[in-house]
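The values are calculated or read from the model by the stated rules, or taken from the named source; none is laboratory data. All values derive from a computational prediction rather than experimental measurement. Neighbour counts are summed over all protein chains in view; Cβ atoms, including those assigned to glycine, are modelled from backbone coordinates with ideal geometry. These accessible areas exclude ligands, DNA and RNA; they are computed on the full protein's heavy atoms, side chains included. Shrake-Rupley method; radii C 1.70, N 1.55, O 1.52, S 1.80 Å.
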Amino acid sequence: MKNVFVVLMLLLNMLPYVKAQKIKGSDTMLPLSQKEAESYMKVNPSATVTVTGGGSGVGISALLEGTTDIAQSSRKIKFDEKRKLQAGGKTVKEVVAAYDALAVIVNPDNKIAGLTREQLEGIFTGKIKNWKEVGGDDLQIIPYSRETSSGTYEFFKESVLKNKNYKNGIMSMPATGAIIQSVSQTAGAISYVGLAYLNGNVKAVGISYDGGKTFVEPSVKTTKDGTYPVVRPLLYYYVAASENKVKSFIDYVLSEEGQKNVSDIGFITLK
Amino acid sequence: MRKLFGRIGERAAEGLFALCGSMTSIMILLIVVFLFREGLGLFRSPEIENGYALCIHASNPVERLSPQSVKSVFDGEITDWQELGGKNGEIMPFRFDEIFSLYSEEELGADYSLLSVKLGEVIERNRGIIAFLPEQYLPSNNMSVRILPVENIAPSDFFGGTEWMPTVTPAPQFGVIPLVLGTLLVSIFAILIALPPGLGVAIYMSELADERVRKLLKPAIELLAGIPSVVYGFFGLAVIVPLIRKILHLPVGETALAGSLILAVMALPTIITIAEDAMRNTPKAMREASLALGATHWQTIYRVIIPYAASGISAAVVLGIGRAIGETMAVLMVTGNAAVIPHSLFESVRTIPATIAAELGEAPSGGTHYRSLFLLGCILFVITLTVSVSAEIISKKRHDSGQ
């Protein structure tokens, strides 16, 4: 107990002197950045990297205010945000750290094997209501979505729904774990999760972006060779002026060692 | 000397307590003021996303579009201007980002200096267009472009709206009716479910159980109150939700019923503890008088003790309702959070606290969405205030007429 106290006091005393690198933003990237920071600090004992979440938008606005050195984002920087940064005299640099594929999941008892993008759009906007309309059993479709604050929610809307809105009153769950739980116990359910979260309790379906000619199942392999269509980059943004400060961490993430962390966490490596 | 110090100490303590009391009241007042100030700011926010405007072709006779119709247009549900009071012709919704697929970065000029000119050209070419553009790049010099006027969000849209879609662009929908109805439905049924067993246990513990059983039961019930609500939520999602789906043969298990059941369990300790205390406070003289008159034990319980404890029991119910209405995490996990007006217990609902918890994280501070969440907080505050004030009145009336 006493030791803890001493260590705490020491840490508090050190706080103003340590030039820590701060990373802030996407919750999706939180486990990745934390792991990278941990192993980076092991290699460079003098460095301190602190990682906080809050959401992609939060990270980028922190970059604008200068309260973070690196913003982690699970979506591309928006035009508005770029303009605001430019207006503040900052040029922003973008680094792709990893890729993440979104898998569309259904209940394991569901016989459906593949869906086209148009069918998915119909399902999530509420126009297709029964599995028999897309070649399945006579069963009501129950789409589950993430909460509106999630970057995954936004990305799915952009990529699969082509910016159309989700149907009014879609079931929305607070976390990926809750989505898996619900889909695994609801016969007519359909939802989307990051590839890393796939497990035996749910079934991933193949997706076709060419009107039903080829259906591609999500996997590390299909994501890497570019055949799986619902893939997003996981990005780090930093201000060009502070490049010296963050370069060594970014380089570490892109190095072989850093990329090993990427696949350990369950994301897709760059190469 | 010692006496003097003692007196000074007493004075200091008195002052300190008075200070604490006034500080607490001031704090509560400040919180309420802050809540309402932020919340009411919603009605000073524009209907479409801040910093953006909607443009149409100058030849288009449409004067104004409601937020609902703007949303339907961009969702592709309304496709003809005739439906909106315009001329016959297809609507072409155009989002700002699409400009980058029409022109390359070079064509837009250095530092996007030609952007607004190009946007103007796009609008000029398409008579049926409705373009959603940032105010910064409005092609205001172009004669064939007309900018639609934007009004502030109307209270009737908020309190009378039936769609809650706060992140939709260009026109977010802040209809609060489904959320209020969802909250009330879940909480009221939770109390209806919790009340009979709660009162039963309270009667058992105060009147029937012997001391040994009571000593065992009481801490067990208090333990129930100590379980974190997220644990209740996960238990509900993993156990109660699939059970409801199987037993009632529903397509989904995440329903208002699941929320009510979980909330009922969570409200039980409050109801039991307070109701039991009220019953045990019945004066011994009253019980003995009743027994002496020849009433049986049961007759005493429900002719003497329960009427005497009525105000305490109603306080228990109110505090239970208060717990149910404000509960966030457990409900967030089991009710499915679909923002639709509930027609039965077997549908998914979205409650006010769950909405605030799920959405406040990403709502940009000071923005329209953020303010709308504060206004939801105000509604919640007014509901709980009404509940406790009416309970106060009820229990007072009982006392005045009863004894």
Worksheet item: Mind checking which residues of segment A:57-69 are part of a helix (DSSP H, G or I), more than 9 Å from chain B (Cβ to nearest Cβ) and open to solvent by 10 Å² or more (accessible area, probe 1.4 Å)?
Response: A:64, A:65
Practice prompt. Kindly indicate whether residue B:300 is open to solvent by 30 Å² or more (accessible area, probe 1.4 Å), modelled with pLDDT of 85 or more and part of a helix (DSSP H, G or I).
Written response: no
Practice prompt. Scan segment B:160-172 and give yes if some residue there is closer than 30 Å to residue B:89 by Cβ, open to solvent by less than 40 Å² (accessible area, probe 1.4 Å) and more than 14 Å from chain A (Cβ to nearest Cβ), otherwise no.
Written response: no
Discussion item. Quick check on residue B:191: is it open to solvent by less than 20 Å² (accessible area, probe 1.4 Å), under 41 Å from the mean Cα position of the chain (by Cα) and more than 28 Å from residue B:369 (Cβ to Cβ)?
Written reply: yes
Discussion item. Show me the strands (runs of 3 or more DSSP E) entirely contained within segment A:177-243 in which 1 or more residues are open to solvent by less than 60 Å² (accessible area, probe 1.4 Å) and either within 14 Å of chain B (Cβ to nearest Cβ) or aromatic (Phe, Trp, Tyr) (or both).
Written reply: A:189-194, A:231-239
Worksheet item: Somewhere in segment B:111-124, is a residue part of a loop (DSSP other than H, G, I, E, B), under 23 Å from residue B:139 (Cα atoms), touching a residue at least 24 places away in the same chain (Cβ under 8 Å) and open to solvent by 60 Å² or more (accessible area, probe 1.4 Å)?
Response: no
Discussion item. With the requirement that a residue be open to solvent by less than 40 Å² (accessible area, probe 1.4 Å) and among the hydroxyl-bearing types (Ser, Thr, Tyr), what does segment B:194-219 give you?
Written reply: B:206
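Please determine whether any residue of segment A:131-142 is touching a residue at least 12 places away in the same chain (Cβ under 8 Å), open to solvent by less than 30 Å² (accessible area, probe 1.4 Å) and over 26 Å from residue B:75 (Cα atoms). Working first, answer last.
Looking only at segment A:131-142, we keep the residues that are touching a residue at least 12 places away in the same chain (Cβ under 8 Å), and these are A:131, A:134-137, A:139-142.
Pick out the ones that are also open to solvent by less than 30 Å² (accessible area, probe 1.4 Å) and you get A:131, A:134, A:136, A:141-142.
Those left that are additionally over 26 Å from residue B:75 (Cα atoms): A:136.
Looking for residues that are touching a residue at least 12 places away in the same chain (Cβ under 8 Å), open to solvent by less than 30 Å² (accessible area, probe 1.4 Å) and over 26 Å from residue B:75 (Cα atoms), one finds at least one in segment A:131-142, hence yes.
Residue by residue, here is whether (1) at pLDDT 90 or above; (2) open to solvent by 30 Å² or more (accessible area, probe 1.4 Å); (3) in a helix (DSSP H, G or I) holds:
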| site | (1), (2), (3) |
| --- | --- |
| B:16 | yes, yes, yes |
| B:28 | yes, yes, yes |
| B:31 | yes, yes, yes |
| B:35 | yes, yes, yes |
| B:60 | no, no, no |
| B:64 | no, yes, no |
Practice prompt. Determine if segment B:113-122 includes at least one residue that is away from every other protein chain (no Cβ under 14 Å) and touching a Lys or Arg at 6+ places or on another chain (Cβ under 7 Å).
Written response: no
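Let's see how each residue does on (1) surrounded by 17 or more Cβ atoms within 10 Å (Cβ to Cβ); (2) modelled with pLDDT under 90; (3) of a type outside the set (Asp, Glu); (4) not in a helix (DSSP H, G or I):
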site	(1), (2), (3), (4)
B:285	no, no, yes, no
B:319	yes, yes, yes, no
B:323	yes, yes, yes, no
B:366	no, yes, yes, yes
B:373	yes, no, yes, no
